[in-house]
Amino acid sequence: MSEATLVVVGLVAHGDDRDGAPTWVVTRRGEDTHLPGAWELPGGKVEPGEQPEQALARELHEELGVTLESAAPITFSWHAYPERTVLILFYAVGLSHESPPPTARVAKELRLLNREELLKLEMPPANAPFMRWLENQLP
């Protein structure tokens, strides 16, 4: 069995839809990456010597230009793709009041989606535990 890559991702709350339901940030992977064109929650690899929450703050700043205020663990996933194995830690994220709005700095596209819209997305297989968690949340 290969060693797993530790990845952190954030369910980043930002704004509301026209009906007042909260919305969250999702990004679309570029064509030159693993799983090209897939929708995902923003985040990335934990570097050696980094704590997961530090990596999450760094990745969200690099990918979205935002400043993290809080991060609470919500679930995890261990998934073996043919080319790599990942351990993904999923966090519910709050942005600081001083944070600029999220922008797609790295991703091909960024959207703000409510819970129902998120549940309709076809996300990578490693995100299945997150999708089950989201399904079980109150509307």
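The values are calculated or read from the model by the stated rules, or taken from the named source; none is laboratory data. Predicted model, so just to flag it, every value in this text is computed and none were measured. Backbone-built Cβ (ideal geometry, glycine too); neighbour counts: all protein chains shown. To get the accessible areas, we keep the full protein, side chains included, count just its heavy atoms, and leave off ligands, DNA and RNA. Shrake-Rupley method; radii C 1.70, N 1.55, O 1.52, S 1.80 Å.
Of all residues in the range 111-125, at least one satisfies being under 17 Å from VAL9 (Cβ atoms), in a helix (DSSP H, G or I), out of contact with any helix residue (DSSP H, G or I) (no Cβ under 8 Å at 6 or more places or on another chain) and open to solvent by 40 Å² or more (accessible area, probe 1.4 Å). Inclusion of GLY37 among residues that are small (Gly, Ala, Ser), part of a loop (DSSP other than H, G, I, E, B), closer than 27 Å to ALA4 by Cβ and at pLDDT 95 or above is not warranted. The one condition from (1) free of Cβ contacts under 8 Å to residues at least 24 places away in the same chain; (2) outside any loop (DSSP other than H, G, I, E, B) that GLU47 does not meet is (2). Any idea which residue in the range 16-30 is modelled with the lowest pLDDT, counting only those that are touching a Gly at 6+ places or on another chain (Cβ under 8 Å) and open to solvent by 20 Å² or more (accessible area, probe 1.4 Å)? This residue is ARG29. All conditions but one from (1) open to solvent by 90 Å² or more (accessible area, probe 1.4 Å); (2) modelled with pLDDT under 95 apply to GLN51; the one that does not is (2). Once the range 54-102 is narrowed to residues that are open to solvent by 20 Å² or more (accessible area, probe 1.4 Å) and β-branched (Val, Ile, Thr), the residue that is farthest from the chain's Cα centre (by Cα) is THR67.
Only a single item in (1) hydrophobic (A, V, I, L, M, F, W, C); (2) modelled with pLDDT under 95; (3) assigned to a helix (DSSP H, G or I) is not met by ALA13, and it is number (3). Scan the range 76-93 and tell me whether some residue there is in contact (Cβ under 8 Å) with a residue 40 or more places away in the chain, over 21 Å from THR5 (Cβ atoms) and not acidic (Asp, Glu). Scanning the range 76-93, I find at least one residue that is in contact (Cβ under 8 Å) with a residue 40 or more places away in the chain, over 21 Å from THR5 (Cβ atoms) and not acidic (Asp, Glu), so the answer is yes. Scan the range 65-75 for residues that are free of Cβ contacts under 8 Å to residues at least 40 places away in the same chain and part of a loop (DSSP other than H, G, I, E, B) and the total you get is 1.
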